[in-house]
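Here the structure is laid out as structure tokens; the discussion comes afterwards.
Each reported figure results from applying straightforward, stated rules to the coordinates on display, with no laboratory input. Worth saying up front: this structure is predicted, and the values here are computed from it rather than measured. Don't worry about glycine lacking a Cβ; one is built from the backbone with ideal geometry, like all the others, and counts go over all protein chains shown.
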Amino acid sequence: MATIEAAVPDQGRGASTYAGGVWSWITTVDHKRIGILYFVSGLVFFLVGGVEAMLMRLQLAAPGNTLLDPATYNQLFTMHGLTMILLAVMPIGAGFFNYLVPLQIGARDVAFPRLNALSYWLFLFGALLLNSSFLFGGAPQAGWFAYANLTSSQYSPGHGMDFYILGLALAGTGSIVAALNFIVTILNLRAPGLSLMRVPLFTWMTLVVSFQIILAFPPFTIAIVFLLFDRMFGTLFFEPLGGGDPILWQHLFWIFGHPEVYIVVLPAFGIISEVIPTFSRKPLFGYPVVVYSGVLIGFLGFGVWAHHMFSVGLGPLANSVFAGLTMLIAIPTGVKIFHWIATMWGGAIRFRTAMLFAVGLIVMFTIGGLTGVMHASPPADLQQTDTYFVVAHLHYVLFGGTMLGLFSGMYYWFPKVTGRFLDERLGKAHFWLTFIGINLTFFPMHFAGLHGMPRRTYTYPAGLGFEGYNLTSTVGAGITLLAVLVFLYNLVRSLRSGERAGASPWGGATLEWSTSSPPPVHNFDWTPQVRSRDPLWHDGVELPAAEEEIHMPNPSYWPVVVAAGALTLAAGALIGLPVVLLGVAVMVGGIYGWAFEPIHG
Amino acid sequence: MERTNTGVPNEKMLMWAFIGSECMLFASLIATYLTYRGRSLVGPYPEDLLNIPFITVTTFVLLMSSLTMVLALSAVQRGDARGSRVFLLLTAVLGIIFVGGQAIEFSHFAGEGLGLSRNLFSSTFFLTTGFHGAHVTVGVIWLLSLWVLTMRGRLGPESSVKVEVAGLYWHFVDVVWIVLFTVIYLMSGS
Amino acid sequence: MTSEKALGIESGGVVAAHAHEEPHASNRTYVVIALVLGVLTALEVMVFYVEALAPVLVPILILLSGTKFALVVAFYMHLKFDGNVLRGLFLGPLFIAVAIIVALIALYGYLL
Amino acid sequence: MAERTEGYSRVPVQRPTLWITALSLVVLTAACGGDFPQSSLRPQSDVARSIDDLFRGIFWLAVGVFVVVEGALLVAIVRFRERPGAERPKPVHGNTALEVAWTIVPAVILIFIGVPTMLTLWKIDRPPQGEVLRVEVVGHQWWWELNYPDLGVTTANELHVPVGHTVDLRLRSEDVVHSFWVPRLAGKRDLVPGRENQLWFTVDSAGVYPGQCAEFCGIAHALMGVRVIAEEPDVFERWAELQSRDAVEEPGEEALVAAGRSIFFGAGGCISCHTIRGTPAAGVLGPDLTHVGSRSTIGAGVLRNTLVNMARWVKDPQEVKHGNLMLDMGLSDEHARDVAAYLGSLK
């Protein structure tokens, strides 16, 4: 790519000169474009997961309904969980990381742009591989948690579980690679003066989440490798007849699975920690505490996994220890909520859509957090685990928490990404429909669960008192779906004809608002010098003399080649050894091509 | 040297973060090995097959490869072309010997009827040491690639960070073996 | 040269809290460490064969291999000389990893 | 109660559209509102009551926190809206005393949750003292095998227990992980292959307490019901005495029963999976049918145990309970009716 001259007076005036065409997107190593790719892919999978959810809700609208047969239903709830958590919410979060972190820290890109592209392609190929199972004999149907030994070749014949293993291995590797990249980026590429205790909250949460990813995914990787060997080569890891223990899977899975909850929710916390100060026009209350509480949540997240396993019979001592640690997490989480409210307190709050979603998050997450504390109590949890009460809880956390936070971020940063506002009237309709829809969907589930409705059941009999709750939930799901359609319409319409936005449409405090909307390829004409925590509010940024020339990395097709090799390798595990070898060859060739690629073409 | 906030080159920090991640990978393997210890329902059992003297030798070989690795880095940093070549190649060769030893061990086990799916010991043993062996193999390929670069005179002091990063990886693999040697072999009798 | 590296130069901050000076140990030290590693390994194997030490085998082995581990990490991997960032980057995950091993073997009743 | 088990079976036959079902539901909901036979909020045993007391305490604490937090949020929303012409608010960066306070307060609240939690946890985990009724519960895809080792009784899916007498369940699984859950009597406890778990409770009063498997265990997980039938001790003893005997056929309808018997032991192939004590039938893959006629439901609670339903079940088990492991033996309508008659006679 050509060198961009930066001898222009204002930040961001060196206009974007992206090459066009599909090939330019495939070979891009630009963090903003990769962010958009993540975002769009995540949104598509969000719709897929949403359709899966809607089908399930229709099936459950009435007792004894026969809209779906059990095998289909079981595939749907398995894929809904996997899709929403790993293929929708995480990638949308990754979209935000990619687009925003370099902008927020005043960098031109991430530390390893090509590695960043590789992460995206690994995620995408993994996601496609997993979903292709629908075409090749059926998706996995053992739940996203895939408890052994139901997943053995004996109890899960067919290839559904193999697609689960291989797809998630690819996508998981992508996540680890991305997280490593962001750790280095945030620690190493901050603008001068931007010490860690001045870094915007969203970037801070990205750092915490990145550490969680690199530490949580390996145990899961090992677990699925064990499972793969059990299924393909007859090893005995989870085979009770050979002395293996299915509970070991549960441990390894939840050592990953619980941090994963924070991996999806902390970015949303980071987002609203940016949105609330901007729209309250007050700095974040108690910044260090909000940072430390995030770090603490991230750390404690590794010590609580067995609270998913209270009914396994680990004994009262183990249950007590894990209950205690789990309750501890409530403290930093509660503290965060207080700090958000305190930030609003005494402010001059503007209720733009982004702010509505942020406040919605506080409302909903408080409820999800409180029911979470109930699960932390093992005796209470014994009545609640595996029921709709948990379904209610986790959706209050993941939809009411994470998704509302992500929506908030979309309204907040859409002007930065596109140079146009999302429509406010449609946005408000989107918010209220969502808020009503999800409460109508998930609140009745608390009652259904407490009254004895287990989850993951494709039907329920009349007469247990579940009918009304389920019908209400289904209606609520319909309203939520409507809300999503409003959002999509808003997205498409505003992209074309939304009101133009300037560099800093909301008067935000952080560095990304100092460059044009959309930012130029190289983000900043000058590396900013930062002097305070809210650089754009307190005269805290200084622009040094213009840099003479700015080199941006060239596009590269090696990342997609390496990822394609990995995909071939994974697919080969289902097809045969020659394909595996081909995949390895492509990967190795790709890595060498990558290593010897010249910087400037 | 590029300028970063921390003063640590990006590549080096990437490798350390990756090593942190690898700690969890091997922790999961080791934890599995330990929880399944002594739970095999049928033989052969570890004490029947593990050849401590043989593995002690290959362990020693891998330990010494860490020494040659660190000497290789030192040579690269000093601009000592000959030293770089010799020590990089030596490290790779020691790695190959280690992996070869593992291959001999594996085939010996298979010959004694301890296939991959024989019992819990074989399942956990082969996957744990196999994961480690795969890491060593990747390291050997990496070192040989660097060695080729030195042969072409393309690995001077200015790019020593490449060798440093490879070295970190190599030492970590060695460190993992220090733990595995103890956990799998020396604690097998207790 | 990689593009990443080039990029690091331009976008990197100039704060540079600690300049990247690495007072590496000398080659002599490396050789001495190698000798110590060899001796510790020999000790480990000896302990394994001495029947009398069987009751305390595990603690002794943990001590010896822990020392080897620490020596390689501190000297060969230069963690002794590198800054706090790298130390944290390694020791934090290591702590969690060890805690999880200990927790799992405790859950399986090998500790209690 | 009886209506409930019909819920599954009625729909596949009539195949009503969703809307008709939905409409009828509104009526149904009104009719059964307030009656939650499987509700964890209506405890009927010592263990379930301990859990319920604990949960109610935590619940009210949570309500208190909810009111305070959402209240504060509401006040902030109302009071601190931007007003036209107002100055930029004062930048407040923090308040140490406040921050310390709202770290300590949740910690104190957690003590009020944690202490009762631990007390309850250790209380319900203390093994029962004195005389108990031992029952082995074995999970199968997708039914429950129930053995009373001290009484020589083997049955399936319906756990008879005496009121006021501690029942000590030993839980294990023959295939995958299941979870035993009868909400009104106790919290869940998993049945894990390769492990034995324990669960105990003392039922307060006579009645039928429905429950079902709570750990996803495969295709028919939704239809793995269990019913605890709590009876006065003398009724229970009579039941146990009857159940411990070998098969007794009820007289009457001799021709049908005899025909059914010969199909059962012959062309039907039933004996390869089922046991009827006192006869050559000794299969172990399916439920013990020695006294199947005395049970109130079929297929782990899917159908009420009537002759018509039983005939439907043996003729086409997949139609009634999709995915279940009972083979379709290709019986004609007549043969199915005969087998049903024979099974019905096994009181």
Using modelled amide H (1.01 Å from N, peptide plane; none on Pro or chain starts), what sits under 5 Å from the amide H of D:SER179, excluding residues fewer than 5 places away? D:LEU191, D:ALA214, D:GLU215
With Cα coordinates, the longest principal axis of chain A makes an angle with the long axis of helix A:113-132, in degrees rounded to 10, of 30 degrees
Have a look at A:TYR120, A:ASN131, A:PHE97 and report the one farthest towards the positive end of the charge dipole of region A:21-179, computed about the Cα centre with Cβ charges (Lys/Arg +1, Asp/Glu -1). A:PHE97
Please check chain A for the longest run free of GluC sites (Glu not before Pro) that are loop-located per DSSP (anything but H, G, I, E, B) and have at most 15 other Cβ atoms within 10 Å. A:1-498
Check D:LEU159: other-chain or 5+ apart residues with amide H under 5 Å from its amide H, H built from backbone geometry? D:ARG227, D:VAL228, D:ILE229
Roughly how many whole Å is it from the C-alpha centroid of region A:218-280 to that of region A:190-215? 23 Å
Rounded to the nearest 20 debye, dipole of the protein assembly as shown from Cβ charges on Lys, Arg, Asp, Glu: 2880 debye
Compactness check, chain B: C-alpha Rg relative to the 2.2 N^0.38 Å globular estimate gives 1.15
Counting pairs of alpha carbon atoms under 8 Å apart in space and at least six apart in sequence, what relative contact order in percent does chain A give? 20 percent
Which residue, A:GLN59, A:SER152, A:PHE182, has the largest displacement toward the positive end of the dipole of chain A when charges sit on each Cβ (Lys, Arg +1; Asp, Glu -1)? A:GLN59
State the Cα centre-to-centre distance between region A:309-343 and region D:278-323 in whole Å. 45 Å
Taking Cα atoms only, helix D:2-14 is inclined relative to the longest principal axis of chain D by an angle, in degrees rounded to 10, of 80 degrees
Taking the reciprocal of mean 1/r across every pair of different Cα atoms in region B:88-167, the Kirkwood radius in Å is 14.3 Å
Rounded to whole Å and sorted largest first, what semi-axes of the equivalent ellipsoid does the C-alpha gyration tensor of chain D yield via the square root of 5 times each eigenvalue? 51, 26, 17
For region A:462-601, what mean projected area does the convex hull of the alpha carbons give, in nm²? 18.3 nm²
Can you list the lysines whose alpha carbon sits under 25 Å from that of D:LYS90, skipping same-chain ones fewer than 8 residues off? A:LYS282, A:LYS336
Per the Cα gyration tensor, region A:30-553 corresponds to an equivalent ellipsoid with semi-axes, largest first in Å, of 38, 25, 23
Would you mind estimating how fast region D:146-279 diffuses translationally, via Stokes-Einstein at 10 °C and 1.306 mPa s with the Kirkwood radius over Cα pairs, in µm²/s? 94 µm²/s
Where does chain D land at 222 nm, in deg cm²/dmol rounded to the nearest 500, when only DSSP H runs of n ≥ 4 count, each adding -39500 (n - 2.57), divided by all residues? -13500 deg cm²/dmol
Over chain A: helical MRE at 222 nm, DSSP H runs n ≥ 4 each giving -39500 (n - 2.57), nearest 500: -21500 deg cm²/dmol
Debye log10 I(q)/I(0) for region D:72-168, one point scatterer per Cα, at q = 0.17, 0.18 Å⁻¹: -0.98, -1.03
Just to confirm a number: summing +1 for Lys and Arg and -1 for Asp and Glu over residues other than A:ASP386 whose beta-carbon lies under 13 angstrom from that of A:ASP386, what do you get? +1
Within the set of other residues whose C-beta is less than 11 Å from the C-beta of D:ASP150, count the net charge using Lys and Arg as +1 and Asp and Glu as -1. -2
Table column - 3J(HN,Hα) (Hz), region D:129-139, Karplus curve with 6.51, -1.76, 1.60, x for Gly and Pro: 9, x, 6, 10, 9, 7, 9, 8, 10, 10, x
Global size of region A:560-601 as Cα Rg and Dmax, reported in angstrom: 11.7, 40
Hull surface divided by four, with the convex hull built on the Cα atoms of region A:286-445: how many nm²? 10.6 nm²
Take the alpha carbon atoms of region B:89-136, find their center, do the same for region D:64-100, and report the distance between the two centers in whole angstrom. 63 Å
Cα-based Debye curve of region D:195-347 sampled at q = 0.09, 0.14 Å⁻¹ gives log₁₀ I(q)/I(0) of -0.32, -0.77
Gaussian network model of chain D, Cα within-10 Å springs - most flexible of D:MET224, D:MET118, D:MET326: D:MET118
How big is the protein assembly as shown along each principal axis, measuring the range of its Cα positions in Å and listing the largest first? 104, 84, 56
Other chains' Cβ within 10 Å of A:104-110 residues: what's the mean? 4
Equivalent-ellipsoid semi-axes of region C:23-107, from the Cα gyration tensor, Å, largest first: 27, 22, 6
With both partners inside the protein assembly as shown, how many of the DSSP beta bridges are antiparallel, as a percent to the nearest 5? 75 percent
With Cα atoms, 0 to 90° folded angle of helix A:160-188 axis to chain A main axis: 30 degrees
